[in-house]
Structures are given as C-alpha cells and as structure tokens.
Amino acid sequence: MKIGFVDHHLNNYHANKFLSLLHGPLTELGARVSLAWESDPTGEDWCAKNAIPRAESAAEVAERCDAVMVLAPDNIEAHAELCAHVFPSGKRCLVDKFLAPTREEAGRIVDLAARHGVELFSASSLRFAVELEAALAEAEGPAVEAYGRGMGEWNGYGVHTLSLVLAAMGGGARRLVNTGTEHSTTVTLEYADGRRGWVVVRAAANQWEAFPWSFGFRIGDRYVTGTVAEFDGFYANLMRRSVHFFQTGESPVSTEEMLEVAAVLEGANRSREQEGAWIEIGPQ
C-alpha cells in the first residue's frame, strides 16, 4: 500500500515517527510512505533526507497514492485547506490529532469529505495508548465516570488528555465547564444521562516530569487507573489502526466523536472566556 504525507511542514515529530514506524517495526503492515508534499517547508529538505519523492502538490500525492495522511500536527488550522486539495481524489484519509480548531470548521471538513465520498479517520494517538486499551479490555461493564490528566497547552495538547476520557466514556457529552486558569485547564464534561468526566491539562516548564498522561474510570464501585508510559506503543497503535482503516474503510472512531472532540476543545476555551460558564456542546 502506498501512503502519501500531506503536511504544513514535514520537519515535525509526527512525520518522522510515523515514517520510522511504517518503514521499520511495522513493515509487516505492508504500507510505505511513497510520496510527500508540504505547503510551508522549514529547515532541511525532509524528503531528500528520508529518500521520499516530493510531489508538486497535495493533489498529486492523493492521485498517486492509495491513501493519504494529512498531518500538520502543529498547524491544525491548516487542515481544512490541505483536505480541500486531497479530498477530490476520493481516497481514504487520516487527519492527524483532530479535524479543526472549531466544531463549525470540523463540520465543514466532514461535509466536504462526504461530498467527495471520502472515508475519514481522525484521532489523537493517545486514544490508542497501550495502557488504556489494556484497562478497557479488562473492564467489566460501562464506565460511569472517568478522568484524564496530562500536560501541555490546551489548544495543542488538550486533545490527548481528552481522548483518554472519551475512550472510556464514549461520546455524547451535552455540556461542559472549564474552571481552570491560563495554564491549567480543568474541564468537566456532563452527559445526558448524568455521567461526568474530568479533563485536567497543565502546562509548565517541567510538565513532562510533573504531569504524565494518566487516566481512571469507575466501573461499579471500583476505579481502574493507569499511567501512559509506552510512547512508541500509542504511535504504533495509531499506525496499525490507520493502515487497517485504509484497507477496509472501517474507522475506529465515529464521525460523531471526531466532531465532539473539536466541540469540546473549542467549548473549553469559550467557557474560560466567559469566566467558567457552562457551554452546551450537544448534537448540532
């Protein structure tokens, strides 16, 4: 299978990690990066360094490959434009991390994919953390509440901690409130059935040591907890899910959840702007 990378700038951690996994430990998946393009190159020539042919356009990548990964992990605002060049090909597409900074823009991406018959998959790699998947596999019954704790600024890294909670609770949150501060986001999600989930994301100079990604969810009268430690594991799992999706069209994440991620990320910002007001994020 020929996979194409479309990116804002290819010199980023995700492009390097995904390439190294697909061409290294995950070669048995039979998927190779065969073409790449970037809209705003930075630094050394990524394609030359990695012996990957450089396309003249995002459209060329989509036309010549079997499936496309739209990356731009540090430039989520570029996803809509990049997708607009890729989707006319009708090829299956992974959009890295999350679709867009707002629910409205995410909805436009989903609508554009539907118009071109594009099957879409978008998720944070933490959605497939080894430790989380093991905990969920052993859980007996549905989670009645859950929390996720993690690091980084909300607008870039909040999706990772949020994904730990959504994996345990599922989608369908109807409203949220953010009672945090500029560098410590504290979001309560409330579901229509009364269940609640908590997402706490803190940024600091020592965040990697102080705030490792951790999670917990309540099953009956017991809590199942874990800390994410196997970083290559969640990236590898994302690549496995991506290749399976490219082969079958079966996304492990529903369109509704992809849209809900954008709604929560945007809604938390709106809540803080309104001094901790509850924000409705239910079905739109």
| note | In the range 1-81 the accessible area split gives carbon plus sulfur, as whole percent at 1.4 Å, a share of 49 percent
| request: Over the chain, give the accessible area per residue in Å² for a 1.4 Å probe, as an integer. | output: 43 Å²
| What is the gain in length, in nm to one decimal, between residue 256 and residue 155 on full extension, counting 0.36 nm per residue of separation less the C-alpha to C-alpha distance? | 34.3 nm
| message | Just to be sure I understand: if I project the alpha-carbon convex hull of the range 170-284 onto a plane and average over all orientations, what area do I get in nm²? | response | 9.2 nm²
| task | Among DSSP beta bridges whose residues both lie in the chain, state the antiparallel percentage, nearest 5. | result | 50 percent
| Backbone N within the range 127-150 under 18 Å of label point (7 Å from residue 244 Cα along the Cβ vector) | 127-139
| query | For the chain, what's the relative contact order in percent, using C-alpha pairs closer than 8 Å and at least 6 residues apart? | reply | 19 percent
| message | Under 15 Å from a point placed 7 Å out from the Cα of residue 222 along the Cα-to-Cβ direction: which residues of the range 109-139 have their backbone N that close? | response | 135-139
| query | Please state the equivalent ellipsoid semi-axes for the range 106-158: what are the square roots of 5 times the Cα gyration tensor eigenvalues, largest first, in whole Å? | reply | 28, 18, 11
| task | Assuming R0 = 41 Å, can you tell me the calculated FRET efficiency for the pair residue 1 and residue 108, based on Cβ-Cβ distance, to the nearest 0.05? | result | 0.90
| message | Less than 14 Å apart at the alpha-carbon level, and either on another chain or at least 8 residues along: which aspartates and glutamates does that give for residue 97? | response | 7, 74, 77, 257, 260
| request: Equivalent ellipsoid semi-axes for the range 166-212, as square roots of 5 times the alpha carbon gyration tensor eigenvalues: give them largest first, rounded to whole Å. | output: 25, 12, 6
| task | Please find the FRET efficiency linking residue 51 to residue 179, where r is the Cβ-Cβ separation and R0 is fixed at 51 Å, and quote it to the nearest 0.05. | result | 0.55
| message | For Cα pairs less than 8 Å apart in space and 6+ apart in sequence, what is the mean separation divided by the residue count of the range 84-128, i.e. the relative contact order in percent? | response | 54 percent
| message | Restricting things to Cα coordinates, could you compute the convex hull volume per residue of the range 1-124 in Å³? | response | 92 Å³
| request: Taking only the C-alpha atoms, wrap a convex hull around the chain and report its volume per residue in Å³ as a whole number. | output: 130 Å³
| request: Using per-residue counts of other Cβ atoms within 10 Å, averaged over each peptide, order 268-276, 66-74 from highest down. | output: 66-74, 268-276
| task | Specify, per residue and in Å³, the volume enclosed by the convex hull of the alpha carbon atoms belonging to the range 108-220. | result | 136 Å³
| message | If I take all pairs of Cα atoms in the range 47-104, what percentage of them are more than 18 Å from each other? | response | 37 percent
| field | Point-to-point label distance, residue 232-residue 32, nm (Cα→Cβ direction, 7 Å offset) | value | 2.1 nm
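The values are calculated or read from the model by the stated rules, or taken from the named source; none is laboratory data. Every value quoted in this text rests on a predicted model; they were computed, and no experiment measured them. In this analysis, Cβ positions are derived from the backbone assuming ideal geometry, glycine residues included, and neighbour counts consider all displayed protein chains. Note: areas computed on protein heavy atoms with side chains; ligands, DNA, RNA excluded. Shrake-Rupley method; radii C 1.70, N 1.55, O 1.52, S 1.80 Å.
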